[in-house]
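Q: The structure follows.
The values are calculated or read from the model by the stated rules, or taken from the named source; none is laboratory data. Given the structure is predicted, the values throughout are model-derived calculations rather than measurements. Here the Cβ is made from the backbone with ideal geometry for all residues, glycine too, and neighbour counts use every protein chain on show. Just so you know, the surface numbers come from the protein's heavy atoms only, side chains and all, with ligands and any DNA or RNA stripped out. Shrake-Rupley method; radii C 1.70, N 1.55, O 1.52, S 1.80 Å.
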Amino acid sequence: SYIFETGLLETADLELYYKLSDKYNTPVLTETINKCKTKLQSILKNKNELFEIKAYFRIKDYKDKPVRFRPIHTADLITQICLVCLLNPIIFKDTQVADDKSKRTLSDISQLIPANFYGNIPSVKVDEIFVNWKVKYSEFSERVISKYHEYKESNVYTHEVCLDLKDFFPSIIPAFIYNFILNKLSLTYLDNERECLKRVLTKLLYFYIDFDDTEGFDKIYYSDDIVESESITRRVCRGIPQGLPQAYYFGNLCMIEISKIVSSVISGDSYYYVDDSVIYSNISEE
């Protein structure tokens with residue numbers, strides 16, 4: 001459920017993706033698990049090692065020049081599985097309730113996501129990482145429409161404000177997410193566990209990025225911030241890499257703080273689908 005860009009997988013990874021849907025294919029499952037274990041051990045033991053990802057570009061706006069692109073990231077299938085292995089203890093809290101049964105609940109961090117957030121909501125069902133986006137987007141749309149009609153009749157709020165943050169994922173500073181999670185969980189973990197948490201967060205936030213297949217797009221990707229230097233042999237991703245499973249969860253954590261800022265400027269009844277928001281308010285047109 002967390003492989004969002006199946007169309008960007010290499011042929012061999014796409015074949016493996018479909019083979020893994022057969023939970024009785026023990027040889028393939030065992031081999032994949034062992035590959036994931038090996039990769040996780042390697043990347044967690046070496047503090048300087050990062051996962052490698054690729055960026056592809058979808059046209060976002062072609063009406064004006066220059067053409068604007070949205071970077072979408074992908075990685076090999078083993079890497080994406082490993083990312084979710086590292087992400088699970090941050091999103092969820094799994095507890096054993098019987099000898100052969102366990103229960104999945106949301107972690108303390110996940111419980112911080114407000115009730116008026118509808119996008120990328122973690123699911124406690126073990127066969128999915130997020131609640132189906134179609135279900136949540138439908139809820140979001142229905143709530144926004146019903147409130148529009150309600151406030152139009154009652155005049156409790158006189159204005160509908162719609163916001164969409166420009167370049168949301170590329171503009172998120174990874175260090176913000178790192179410190180947000182670390183500060184919230186600092187009392188939950190012992191000293192040695194905190195060091196492990198720091199290492200895990202680093203591997204989920206920073207990536208080496210490969211531009212071999214998209215020559216010339218590196219300048220578009222980094223915009224005016226790119227630094228030309230012969231000493232730079234490997235580049236690190238910009239912002240939070242949209243397209244990878246952890247990006248959408250981290251986007252919500254960022255929006256928790258942004259929503260507080262929005263509320264301080266535009267008070268009222270607000271609804272968020274990640275960085276898209278609708279606020280009903282009595283704010284003046286000025």
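Q: When segment 45-72 is examined, which residues are found to be at pLDDT 85 or above and part of a loop (DSSP other than H, G, I, E, B)?
A: Within segment 45-72, N46, K47, N48, E49, L50, F51 qualify.
Q: The conditions are (1) assigned to a loop (DSSP other than H, G, I, E, B); (2) open to solvent by 50 Å² or more (accessible area, probe 1.4 Å), and S42 fails exactly one of them. Which is it?
A: (1)
Q: In addition: Contact list please: Cβ distance under 6 Å, first residue in segment 119-139 and more than 12 Å from Y2 (Cβ to Cβ), second residue open to solvent by less than 100 Å² (accessible area, probe 1.4 Å) and small (G, A, S), pairs at least six apart or on different chains.
A: V131/S123
Q: Next question, about the same structure. Can you pull out the residues in segment 236-286 that are of a type in the set (V, I, T) and either touching a helix residue (DSSP H, G or I) at 6+ places or on another chain (Cβ under 8 Å) or touching a residue at least 24 places away in the same chain (Cβ under 8 Å) (or both)?
A: V236, I240, I256, I258, V262, I266, V274, V278, I279, I283
Q: Now for a separate question. Out of the residues in segment 45-77 that are free of Cβ contacts under 8 Å to residues at least 60 places away in the same chain and β-branched (V, I, T), state the one that is least open to solvent (accessible area, probe 1.4 Å).
A: V67
Q: Given L204, L165, L112, which one is farther than 27 Å from Y56 by Cβ and in contact (Cβ under 8 Å) with a residue 40 or more places away in the chain?
A: Exactly one residue qualifies, and that residue is L112.
Q: Is it true that S270 is outside any strand (DSSP E or B), of a type in the set (S, T, Y), open to solvent by less than 60 Å² (accessible area, probe 1.4 Å) and modelled with pLDDT of 95 or more?
A: no
Condition check ((1) more than 30 Å from S281 (Cα to Cα); (2) at pLDDT below 95; (3) among the aromatic types (F, W, Y)) across all residues:
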residue: D108; (1), (2), (3): yes, yes, no
residue: W133; (1), (2), (3): no, yes, yes
residue: H159; (1), (2), (3): no, yes, no
residue: D164; (1), (2), (3): no, yes, no
residue: L182; (1), (2), (3): yes, yes, no
residue: S186; (1), (2), (3): yes, yes, no
residue: L197; (1), (2), (3): yes, yes, no
